1. Using the Karplus curve 6.51 cos²θ - 1.76 cosθ + 1.60 with θ = phi - 60°, work out ³J(HN,Hα) for each residue of region 272-280 in order, rounded to whole Hz, and write x for Gly and Pro.
2. Which one, Ser213, Ser383, Ser46, has the greatest fluctuation when you compute a Gaussian network model over the chain with C-alpha springs under 10 angstrom?
3. Would region 240-370 count as rounded, prolate or oblate if I go by the C-alpha gyration tensor, calling it rounded below 1.5 in a/c and otherwise prolate when a/b exceeds b/c, oblate otherwise?
4. Can you work out the Karplus-derived ³J(HN,Hα) for every residue in region 337-353? Use 6.51 cos²θ - 1.76 cosθ + 1.60 with θ = phi - 60°, whole Hz, and x for glycine or proline.
5. Tell me, what is the FRET efficiency for Ser156 and Val208 to the nearest 0.05, using R0 = 25 angstrom and their Cβ-Cβ distance as r?
6. From the phi of every residue in region 86-95, what ³J(HN,Hα) in whole Hz does the Karplus formula 6.51 cos²θ - 1.76 cosθ + 1.60 yield, where θ is phi - 60° and glycine or proline is x?
7. Can you pick out the pairs among Lys56/Lys342; Lys185/Lys342; Lys25/Lys384; Lys56/Lys404; Lys25/Lys56; Lys25/Lys359 whose Cα atoms lie more than 25 Å from each other?
8. Given Ile145, Cys336, Asn128, which one lies farthest toward the positive end of the charge dipole of the chain, if we put +1 on the Cβ of every Lys and Arg and -1 on the Cβ of every Asp and Glu?
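Since every read-out is calculated from the coordinates, none of them should be taken as a lab result. Treat the numbers as computed from the prediction; the structure is a model and nothing was measured. Cβ coordinates were reconstructed from backbone atoms using ideal geometry, including for glycine residues, and neighbour counts include every protein chain displayed.
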Amino acid sequence: MHVHFEQNTSTRSECTIHTLSWMGKVPESLPEEDGGWKLNRSQYYSEGWLASGNAKGIVGITFTTSHCRKYDAPQRSNFNLRGHRSEVILVRWNEPYQKLATCDSQGVIFVWIKHEGRWSIELINDRNSQVTDFAWSHDGRMALICYCDGFVLVGSVAGQRYWSSMLNLDNTTITCGVWSPDDQKVIFGTTGGQLIVMSSTGAMLTQVVINDSMEISTMAWSCEKFNMDESDAKSNNTENISHPSEDSNHVLAICFKYGAIYLMSNYDDICPRVVHTLLTGLRMDWSNCGEILAVGGFIRLPNLQCRNELHFYSRDGRLLHWISIPSQGKPLTALCWGHNDKRLFLASGFNLHVAWVTKQVAPLQFLCQRIIQDNIAQERKVSKLPLPSRIRHSIQSLFSPTIKVPDSII
C-alpha cells in the first residue's frame, strides 16, 4: 500500500472545515434512446463532487477529478451555498437522487437539489433541537435523523415522514445512527455504549450493550454507501475495479470516543475484533470496496499542539499502513473516500488535504517518479529533465490537482 499527499495551496479555507462528503458525477442529461443512464464505474468514479461544511455556515460544493490530464470540466465547478445561520456540522450526499443534506449546529436541516446549473433548497427541517446524526438509506429513498434529546425520525427523500419515536433512555443520549446494508433495520449508538436496533418501520427489535459507559461516536458498515448499479452493470466490470461479492459478510465498525474501534460481524457479535488506535477525535470511513477502513485522529503533544495521523485497517483489524498528515497543530475534523478509493479527502483546521492511495504494492518506477516530484517541486521543471517523454508525462501527471481552483462564488 502507498499513500502520498498532494501539494496544493488552493485547498486552504477561510475557516475551520467541520465535515466532508463525496459523490460520483452522473451525466448532466439523460440519453434519448432509453431514457436512463448506465453506470460505468471506471468513468463514474473518475469525476465527482466534494461537499464541505464550515464554521461560517457555508456549504461548499467543488468538482474533483482523478483524471491526470484529460477530462470534461462542468460549466461551473465550484459553489458556495448560503442559508445556514450557524456552523455546518454535517453534509451528506444522496447519490441515487443527486441531492445534498446539510445540517447546522442549531438543528436546521436543508436538502439541496441542482436545477438549471444552480443549487437551491428543496426541503427544510427545523425541530429546534440539535441533530447528532443524519444518514441516507443505501437506495437513497429514506433518511434517518437522530436528535440529542432521543427523538429519531425516518422520512422519505421527498420529505414525507414515515415514522418517528422518542427513545426514553436512562442517563444516555443517541450519538449516531446507521442503516443496515439491506436497509431493513436502523441501528443507533449511545453515550452509554449501547446499540438500539429498530426495524425500518419503527418497531423496537433489541438493545445490546457493547461497551458499558463508553460513548459511541460513529458507526459504519463495510458495504458501499449507495446502490448505484443497474441490472446489467455488474457484467461490465473493468480492470482494477474491486467489488464486494454478493454473499460477502459486511463488517460493522463501531468507533468509541476514546480511541477504540470494534469490528463486528453484526450488532449482536459477542466476539468483536478490537482495534486500539491510540488516537483521539477519531474519524473513519470504509473504502468503496469494503476492504479497508481509513481512520484519522490526533495525538496531543506536550505543547498542546496536535499531531494528526492517518491509519488504514483491514476487515480483521490489522494495521495495513499509517502516515502523518502534513499540517499539524489543529486536530483532524473530517475524512471521506472518493474516486473509487483512489483519493482520500481530509480536513484539519482551515486545511483540506488530498491523499493519493494505491492499495497494491507501488511499482518501483512510480516510487522513483515520486522522489523526482518531491525534489523538483515545480511542474514546469519536468520538461527540462533528460528523460523519455513517456516518463516525463507520468511525472507531470503527479502534479495534477484533484480539487479544482474556485472559478466563481454564489
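1. Residue by residue, region 272-280 yields x, 7, 9, 10, 9, 7, 6, 10, 10 Hz.
2. Ser383
3. Details: a/c = 2.01, a/b = 1.11, b/c = 1.81.
It is oblate, given that a/c is not under 1.5 and a/b is not larger than b/c.
4. Karplus-based 3J(HN,Hα) across region 337-353 equals 7, x, 6, 6, 6, 8, 9, 9, 9, 9, 10, 9, x, 8, 9, 10, 10 Hz.
5. Given R0 = 25 Å and the Cβ-Cβ separation, E is 0.30.
6. Once θ is set to phi - 60°, the couplings for region 86-95 become 8, 4, 7, 9, 9, 10, 9, 6, 10, 5 Hz.
7. Going by Cα-Cα distance, Lys56/Lys342; Lys185/Lys342; Lys25/Lys384; Lys25/Lys56 fall outside the 25 Å limit.
8. With unit charges placed on the Cβ atoms, the residue in question is Cys336.
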